[in-house]
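As structure tokens, the structure follows; a few thoughts come after it.
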Amino acid sequence: MTEVIAELPSYIRPCGHGSWRVSVWVQPGAKNEGVTGEYQDSVRVRINAPAVDNKANKALAAFVATRLGLKKRNISIASGHSNRKKVLLVESDVEPRWEGIIPAGA
């Protein structure tokens, strides 16, 4: 059974029917992947892939898609392609499973 979230965190913003913007702070090249907390009004995500040749961006999109119960094609990077702080565009006809990217205890 999925948990119903009453109010989304400030780093998840709706931007029209079936789309949301998610602020993410990425740590590429991490030993362990996961959602580790919040930082600078963003969700902090560790990714194994290195920050070379767009590998970390692709890995981030795949990781977030999996955590939200979506396909990779539903996630794109709206801004911050070469920065640690990124804004992801999430597009889906169904409400994503937000609990997948909300840090425990938040």
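The values are calculated or read from the model by the stated rules, or taken from the named source; none is laboratory data. Not measured: the values here are computed from a predicted model. Positions of Cβ are backbone-derived with ideal geometry, glycine not excepted, and every protein chain shown enters the neighbour counts. SASA here: full protein model, heavy atoms, side chains in, ligands and nucleic acids out. Shrake-Rupley method; radii C 1.70, N 1.55, O 1.52, S 1.80 Å.
Here are the numbers:
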| quantity | calculated |
| --- | --- |
| Cα-projected label distance for Ile77 with Arg21, points at 7 Å along beta-carbon direction, nm | 1.7 |
| FRET efficiency estimate (nearest 0.05) - Cβ-Cβ, Tyr39 to Leu8, R0 25 angstrom | 0.90 |
| Cross-link partners of Lys85 among aspartates and glutamates (Cα-Cα below 14 Å; sequence separation of 8 or more within a chain) | Glu38, Asp41 |
| Percent carbon-and-sulfur accessible area, the chain, ignoring ligands, DNA and RNA, probe 1.4 Å | 47 |
| Candidate aspartates and glutamates for bridging to Lys55, where Cα separation is under 20 Å - those fewer than 8 sequence places away on the same chain excluded | Glu33 |
| Between 0 and 90°, nearest 10: helix 55-68 axis offset from the chain longest Cα axis | 20 |
| Low-density loop positions, trypsin sites (Lys or Arg not before Pro), the stretch 52-106 - DSSP coil, at most 14 other Cβ in 10 Å | Lys71 |
| Kirkwood-Stokes translational diffusion coefficient of the stretch 13-61, alpha-carbon pairs, 25 °C, 0.890 mPa s, µm²/s | 212 |
| Per residue accessible area in Å² of the chain, where ligands, DNA and RNA are left out and the probe is 1.4 Å | 60 |
| Spacing of the two label points (7 Å from each Cα toward its C-beta) at Thr66 and Leu89, in nm | 2.5 |
